[in-house]
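Chemist: Okay, handing you the structure first.
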There are 2 protein chains.
Amino acid sequence: MRLPLRSCIFFRSFIAQKQTADAQKRGLSGAGMRLVQFRHSGEGDCVRVGVEQSDGQGVVDLKAFDPSMPSTVRELLQLGDKGLEFAQRALASGQCVVDRANIQLLPPILAPEKVVCVGMNYRDHCLEQNAPIPKEPIIFSKFPSALTGPYDDIILPPESQEVDWEVELAFVIGRRGKHIKEEDALSYVAGFTVANDVSARDWQMRRNGKQWLLSKTFDSFCPLGPALVTADAVNDPHNLGIRCLVNGDTVQSSNTSQMIFKTAALIAWVSQIVTLTPGDVFLTGTPPGVGVFRNPPIFLKKGDVVECQIDQLGSIINKVI
Amino acid sequence: MRLPLRSCIFFRSFIAQKQTADAQKRGLSGAGMRLVQFRHSGEGDCVRVGVEQSDGQGVVDLKAFDPSMPSTVRELLQLGDKGLEFAQRALASGQCVVDRANIQLLPPILAPEKVVCVGMNYRDHCLEQNAPIPKEPIIFSKFPSALTGPYDDIILPPESQEVDWEVELAFVIGRRGKHIKEEDALSYVAGFTVANDVSARDWQMRRNGKQWLLSKTFDSFCPLGPALVTADAVNDPHNLGIRCLVNGDTVQSSNTSQMIFKTAALIAWVSQIVTLTPGDVFLTGTPPGVGVFRNPPIFLKKGDVVECQIDQLGSIINKVI
């Protein structure tokens, strides 16, 4: 947050209340967990791993519970089942709980080896632009430096005049694999989260030899979070309401059932090319309603607030500065 | 190396002799260093940082010299001048020298945040394909998982029938920066090295919605090395002979003076979009002579040996399996 201190505290308290209400509505069950990364206010760059309490009130600080635990979710995933069991024990202890108002949430994954993105992956988004339904996934990427926290600011770069929103279901890889079969692929998913695949349309459509990378990878162009919701906590990731609101107006509203290539198919596809590794983030494409295909087109401007929501996963809310 | 043990030892001894001869010809002067990453034979996954002795005979093992030193070149670069001074001291000591025959060289950078690549960046390569000279750099990327060592194998994937070579000058970022001015940009370069931007032309030209990422990022599609030659050891990086040989035949032969956007311009361009960070690798484009534009086209097949050479930097030699 780069707001003045007073608005910052107000914004954080607003977010904390909203999260509590959301969590109470969701009512997580079973062994499912919501893993977060955070920083204690005023503690510099020190990253911590936390598990959200199910009532949405507090976050259990794993490293406070056991100083030998990893400091990042990526390292926790590298421990495999052992890491998740540990997080489960820490959560069950009810100890080492920090108040949401005293922490800043970071993206639930930092410094992944890959941020894999999928283009044109919603039927209704293809229809909106009169584009054919792709026969194979269209894969591009962002650099990990684009990642930013669930309530951090989206920085409007002076180099683009056409910055647009794209709410997307994201998933994170939990174990290493190559040539993964589609029928085995879901066992490679650690969990799901919400992303905004912020895009500079001028760069995407008219510059850089039409290679999308630069348009998608400006610093802060990948808000992610608020939590990595473990796969066992999501009933059906391909039947979730997915929405984007700009300044409170709903601009995108669809369902992840519209995805053309679903989680397992994407893992099988990409892993024929590259070895996947714990922490790799996939952004699975956006539904219709982006700004560039409106008539006239609408782009983000300073002061706008973009909220991306996915059922069961939560909301990320980012101010444009 | 995935050769049987006997050919592996023979190949390594051949490589070691070649490096010694190359180093004697080069005659490094001044404070310049050749940083490498290596693994002691039979020591599993443990990565070490080394500095090549100027006669090309041995490699000083930094961690053996001082166990508190970083285990990777990326971490060494993160220490800034202090890291390089330390390496200089270790080299000057003449202690903790390991024999080249007993180590496996790794790429001089592992797990960078970014592998930034530039397309169509040699005048003579544009002419070869009747393409206009780009007015702005064309930037794409590989995932870090594509990196492989200077003498490791290039693995021919069954998913492509058109795997091609591209010798390229690579440079590595030494300090963090955003919106770097072209006139300051060279001070952000840690050093230079040799890359092969191996490319699956069928995927690049006819698949993945013409986004180049997948075609460029198959596992093992980025041989890099043999050393990161610090910037102060390279007289003029834009006046170096650059060659690729396949099975001993010269297939590419040009000079880095043919680059359209040179090191400083590329750093200024990319850093207007993303924050650069120590260890980021740039591949600066390839000269003419790639297989796909030959008549008839030629592609790599099992058993081929590809050697990429750049004056002052050295050679990487990779067998296709």
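Chemist: Quick check, is residue B:195 in contact with an Asp or Glu (Cβ under 7 Å, 6 or more places away or on another chain), away from chain A (no Cβ under 12 Å) and among the aliphatic types (A, V, I, L, M)?
Modeler: Yes; evaluated as a whole, the condition is true for this residue.
Chemist: I need a count of the residues in segment A:80-90 that are open to solvent by less than 70 Å² (accessible area, probe 1.4 Å) and either part of a helix (DSSP H, G or I) or closer than 12 Å to residue A:35 by Cα (or both).
Modeler: Adding up the residues that qualify gives 6.
Chemist: Hey, another quick one. Kindly provide the set of residues from segment A:188-200 that are open to solvent by 10 Å² or more (accessible area, probe 1.4 Å) and not in a strand (DSSP E or B), ordered by number.
Modeler: A:188 - this is the single residue of segment A:188-200 that is open to solvent by 10 Å² or more (accessible area, probe 1.4 Å) and not in a strand (DSSP E or B).
Chemist: Of the residues A:272, A:252, only one is under 25 Å from residue A:105 (Cβ atoms) and either more than 14 Å from every other protein chain (Cβ to nearest Cβ) or out of contact with any Leu (no Cβ under 8 Å at 6 or more places or on another chain) (or both); which?
Modeler: One residue alone meets the criteria, A:252.
Chemist: If we scan segment B:226-238, do we find a residue that is of a type in the set (Asp, Glu) and not in a strand (DSSP E or B)?
Modeler: yes
Chemist: Another one. Scan segment B:287-302 and give yes if some residue there is within 18 Å of residue B:238 (Cβ to Cβ) and either acidic (Asp, Glu) or in contact with a Ser or Thr (Cβ under 9 Å, 6 or more places away or on another chain) (or both), otherwise no.
Modeler: Looking through segment B:287-302, at least one residue is within 18 Å of residue B:238 (Cβ to Cβ) and either acidic (Asp, Glu) or in contact with a Ser or Thr (Cβ under 9 Å, 6 or more places away or on another chain) (or both).
Chemist: Kindly evaluate residue B:59 against the criterion of being away from chain A (no Cβ under 14 Å), surrounded by 18 or more Cβ atoms within 10 Å (Cβ to Cβ), out of contact with any Ser or Thr (no Cβ under 9 Å at 6 or more places or on another chain) and touching a residue at least 40 places away in the same chain (Cβ under 8 Å).
Modeler: yes
Chemist: List, please: which pairs have Cβ atoms under 8 Å, are six or more places apart or on different chains, and start with a residue in segment A:262-279 that is within 16 Å of residue A:122 (Cα to Cα) and end with one that is among the acidic types (Asp, Glu)?
Modeler: The qualifying pairs are A:264/A:182; A:264/A:183; A:265/A:182.
Chemist: When the residues of segment B:275-288 are narrowed to those that are more than 12 Å from chain A (Cβ to nearest Cβ) and open to solvent by 10 Å² or more (accessible area, probe 1.4 Å), which ends up nearest to the chain's Cα centre (by Cα)?
Modeler: B:278
Chemist: Anything in segment B:102-148 that is closer than 17 Å to residue B:265 by Cβ, part of a loop (DSSP other than H, G, I, E, B) and aliphatic (A, V, I, L, M)? List them, or say none.
Modeler: Correct list: B:120, B:133.
Chemist: Just need a number here: residues in segment A:122-165 that are open to solvent by less than 30 Å² (accessible area, probe 1.4 Å), within 11 Å of chain B (Cβ to nearest Cβ) and farther than 19 Å from residue A:212 by Cβ.
Modeler: The qualifying residues number 0.
Chemist: Within segment B:166-187, work out how many residues are part of a loop (DSSP other than H, G, I, E, B) and away from every other protein chain (no Cβ under 12 Å).
Modeler: 5
Chemist: Looking at segment A:66-79, can you tell me whether even one residue there is assigned to a helix (DSSP H, G or I), of a type in the set (Val, Ile, Thr), at pLDDT 95 or above and touching a Pro at 6+ places or on another chain (Cβ under 9 Å)?
Modeler: The answer is yes; a qualifying residue exists.
Chemist: Sticking with this one: Please specify each residue of segment A:50-79 satisfying the condition of being over 19 Å from the mean Cα position of the chain (by Cα) and either among the charged types (D, E, K, R) or under 16 Å from residue A:32 (Cβ atoms) (or both).
Modeler: The answer is A:53, A:54, A:55, A:60, A:61, A:63, A:66.
Chemist: Return the residue satisfying two criteria in turn: it lies in segment B:202-247 and is under 24 Å from residue B:313 (Cβ atoms) and free of Cβ contacts under 8 Å to residues at least 24 places away in the same chain, and of such residues it is surrounded by the fewest Cβ atoms within 10 Å (Cβ to Cβ).
Modeler: B:236
The values are calculated or read from the model by the stated rules, or taken from the named source; none is laboratory data. Quantities reported herein were computed from a predicted structural model and do not represent experimental measurements. Positions of Cβ are generated from backbone atoms using ideal geometry, with glycine treated the same way; all protein chains shown enter the neighbour counts. The accessibility values were calculated without ligands, DNA or RNA, using every heavy atom of the protein model including side chains. Shrake-Rupley method; radii C 1.70, N 1.55, O 1.52, S 1.80 Å.
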